[in-house]
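Note sheet for the following structure.
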Amino acid sequence: MTKALVSVPKAAKRGDIVDIRAMIAHPMETGYRMGANGVAIPRRIITRFVCTYGGGEVFAADFSPAVSANPFVSFSLRAAESGPVGFAWTDDQGETVTASAEIAVS
């Protein structure tokens, strides 16, 4: 089961720097473990994270095989306009999980 958790302030003043936090619970597999049948379990890790706001990409990260399980990302952005902050995690099998949160800017 894949579950995304995001933390975005509900409100901010225009120009404020706000903290954004995002985590995904993902069935990370390194590709090195053996299954019950003695065959390696295929690798499945998060390889890309993207955050969008105000119509553009504001943060992105590429993850490597050394990424921890349930990767957590924290960063700041400047509140410019009210609207959604979008999040997308993509794994190496091409599956993308998305989440969003609204921020009201006054």
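For this structure, a couple of remarks:
- Looking only at the range 81-101, and only at residues there that are small (Gly, Ala, Ser) and modelled with pLDDT of 95 or more, the one that is nearest to residue 3 (Cα to Cα): 99
- One residue alone among 13, 3 is exposed (fewer than 15 other Cβ atoms within 10 Å of the Cβ) and within 17 Å of residue 95 (Cβ to Cβ), and that residue is 3.
- Test result for residue 4, in a strand (DSSP E or B) and either free of Cβ contacts under 8 Å to residues at least 12 places away in the same chain or farther than 15 Å from residue 76 by Cα (or both): yes
- Residue, nearest to residue 15 (Cα to Cα), within the range 56-79, restricted to residues that are among the hydrophobic types (A, V, I, L, M, F, W, C) and in a strand (DSSP E or B): 77
- When residues in the range 80-90 are screened for being in a strand (DSSP E or B) and among the hydroxyl-bearing types (Ser, Thr, Tyr), 1 of them pass.
- Residue tally, condition surrounded by 14 or more Cβ atoms within 10 Å (Cβ to Cβ) and either over 22 Å from residue 12 (Cβ atoms) or hydroxyl-bearing (Ser, Thr, Tyr) (or both), over the range 89-106: 6
- One residue alone among 87, 59 is farther than 16 Å from residue 17 by Cβ and in contact with a Cys (Cβ under 6 Å, 6 or more places away or on another chain), and that residue is 87.
- All positions within the range 56-69 that are exposed (fewer than 11 other Cβ atoms within 10 Å of the Cβ) and either modelled with pLDDT under 90 or of a type in the set (S, T, N, Q) (or both): 64, 66, 68
- Within the range 8-53, considering residues that are touching a residue at least 60 places away in the same chain (Cβ under 8 Å) and either among the hydrophobic types (A, V, I, L, M, F, W, C) or part of a strand (DSSP E or B) (or both), the one farthest from residue 103 (Cα to Cα): 24
- Per-region count, the range 36-55, residues modelled with pLDDT under 95, surrounded by 10 or more Cβ atoms within 10 Å (Cβ to Cβ) and over 13 Å from the mean Cα position of the chain (by Cα): 6
The values are calculated or read from the model by the stated rules, or taken from the named source; none is laboratory data. From a predicted model like this one, the values you see are computed outputs, not experimental measurements. No Cβ is skipped: glycine too gets one built from the backbone with ideal geometry, and neighbour counts run over all protein chains shown.
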